[in-house]
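A short write-up of the structure that comes next.
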């Protein structure tokens, strides 16, 4: 029996991370669990705000992370699942409808496909030069009445569906794939980074109650908003932890290297005003959370987010970030917890995107040698089936 192995690839502005995961099945209980076979970490070069500006440098970084992961996993990495992040990510919403085709008025999967096609066509003007990464159903209605769950099998005359389309610049996705392929890794499929991270960093209860997961990266803040278990928004803002470093450098008139160490609490003393440092950090973080707050208000949600904001990413450990988020957004706030077994050897929550991608890869039929893209559709449906309204 072929081993079921998948690799997640997270190409960040500062670091490239690879995680190789294997699915194990207990022969007696048939209980499935995952085991991390290897990880790889390399400094990112050739990117800015998630965009590739030098493909050769990015490919070299991927090769180094791949080399490390292969040496630990003791197997070659030929294929993987790729995270797409950066300010290229955006979203669009549209509605579609279908007249139920069966004479007995029972709704079939074909009716759902027609409704999705209608929504996609309605949103198409916004897809110029963009690739649709995910189409997520937000709400179904039968003859004007909201439906909870899957409408297949129910009866009615007209089916309406609201969809969230998560998109990215086609050129950006193409360049990411080219860099991975230059490192001799076949890209099976791509997933938006915020969704990949939410797969591990949020509990089912948090998603149902309503929450926002905010990843504070080096040059961007990316968020995914959940309400009633459904991701209702994916957004990226062009500001990140490196901007805090810039503010400290300007405020204290010191080098960027020193400012980074001050930000991380590695330098202290009479030569640096603690108040100036704290004010610089708080000022930039409050500006970040103001962007998040403005976006949340634009969504016209039915109510607040009781599970609050969960903060992850390399910038999550800066200052009193949870307290600042709580005050700025008027929501409960906490740092993300990496939901992984204690026996797994992985460092921290900054690995959530790569690990989440690998777990996603195991939702379908895959192996160490990869699989054809056409075989991915059942895996996609299985994964996004959890988002049925």
Original post:
Build a GNM of the chain with springs between Cα atoms under 10 Å: which of 300, 286, 215 gets the top mean-square fluctuation?
Top reply: 300
Original post:
residue 208 label point, 7 Å along Cα→Cβ, cut-off 17 Å on backbone N: hits in the range 133-165?
Top reply: 148-150
Original post:
With the Cα gyration tensor of the range 244-311 giving a ≥ b ≥ c as the square roots of its eigenvalues, does the rule (a/c under 1.5 for rounded; else a/b larger than b/c for prolate; else oblate) give rounded, prolate or oblate?
Top reply: prolate
Subject >> Paramagnetic reach from residue 106 (point 7 Å along Cα→Cβ, amide N under 17 Å) across the range 139-154 >> reply: 150-154
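Kindly give Rg over Rh for the range 203-335, based on alpha-carbon atoms, with the Kirkwood expression for the hydrodynamic radius. Write out the running numbers ahead of the final one.
Values: Rg = 15.7 Å, Rh = 15.3 Å.
That ratio equals 1.03.
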Original post:
Using Cα atoms only, what is the angle between the long axis of helix 55-73 and the major principal axis of the chain, expressed in degrees (0 to 90) to the nearest 10?
Top reply: 80
Original post:
Anyone know which of 197, 356, 38 comes out most mobile in the 10 Å Cα GNM of the chain?
Top reply: 38
Original post:
Want the number for residue 323 to residue 71: 0.36 nm per residue separation, take away the alpha-carbon distance, what's left?
Top reply: 86.6 nm
**OP:** Could you work out the Kirkwood radius for the range 90-169, taking every pair of different alpha carbons, averaging 1/r and inverting it, reported in Å?
**Re:** 12.8
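Just the number: Rg to Rh for the range 71-214, Cα atoms, Kirkwood Rh, two decimals. Present the calculation step by step, with values, prior to reporting the outcome.
Values: Rg = 18.7 Å, Rh = 17.6 Å.
Rg/Rh for the range 71-214 comes to 1.07.
For residue 294 and residue 129, calculate 0.36 nm times their separation in residues minus their Cα-Cα distance, and state this gained length in nm to one decimal. It would help to have the intermediate numbers written out before the result.
Working: separation 165, 0.36 × 165 = 59.40 nm, distance 2.68 nm.
Going from the current span to full extension adds 56.7 nm.
For the chain, what value does the Rg/Rh ratio take when both radii are computed over Cα atoms and Rh is the Kirkwood radius, given to two decimals? Walk me through the numbers on the way to the answer.
Numbers: Rg = 21.9 Å, Rh = 22.1 Å.
With Rh from the inverse mean 1/r over Cα pairs, Rg/Rh is 0.99.
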**OP:** Express in nm, to one decimal, how much length is gained between residue 267 and residue 246 on full extension, taking 0.36 nm for each residue of separation and deducting their alpha carbon distance.
**Re:** 6.0 nm
Subject >> Residue among 287, 218, 79 with the largest mean-square fluctuation in a Gaussian network model of the chain, springs linking Cα atoms under 10 Å >> reply: 287
Original post:
Going by a ≥ b ≥ c, the root eigenvalues of the Cα gyration tensor, does the range 165-277 fall in the rounded group (a/c under 1.5), the prolate group (a/b larger than b/c) or the oblate group?
Top reply: oblate
Subject >> In degrees, nearest ten, helix 274-298 long axis to first principal axis of the chain (Cα) >> reply: 10
**OP:** Would you mind estimating how fast the range 1-106 diffuses translationally, via Stokes-Einstein at 25 °C and 0.890 mPa s with the Kirkwood radius over Cα pairs, in µm²/s?
**Re:** 147
Subject >> Helix 352-361 axis, angle to the chain major axis (alpha carbon atoms, nearest 10°) >> reply: 30
Subject >> Computed label-point distance, nm, for sites residue 171 and residue 99 using a 7 Å Cα→Cβ extension >> reply: 4.4
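Computed from the coordinates by the stated procedures, all read-outs in this text should not be read as laboratory data. Computed from a predicted model, the values in this text were never measured in an experiment. For neighbour counting, all protein chains shown are included, and Cβ atoms are generated from backbone atoms with ideal geometry for every residue, glycine included.
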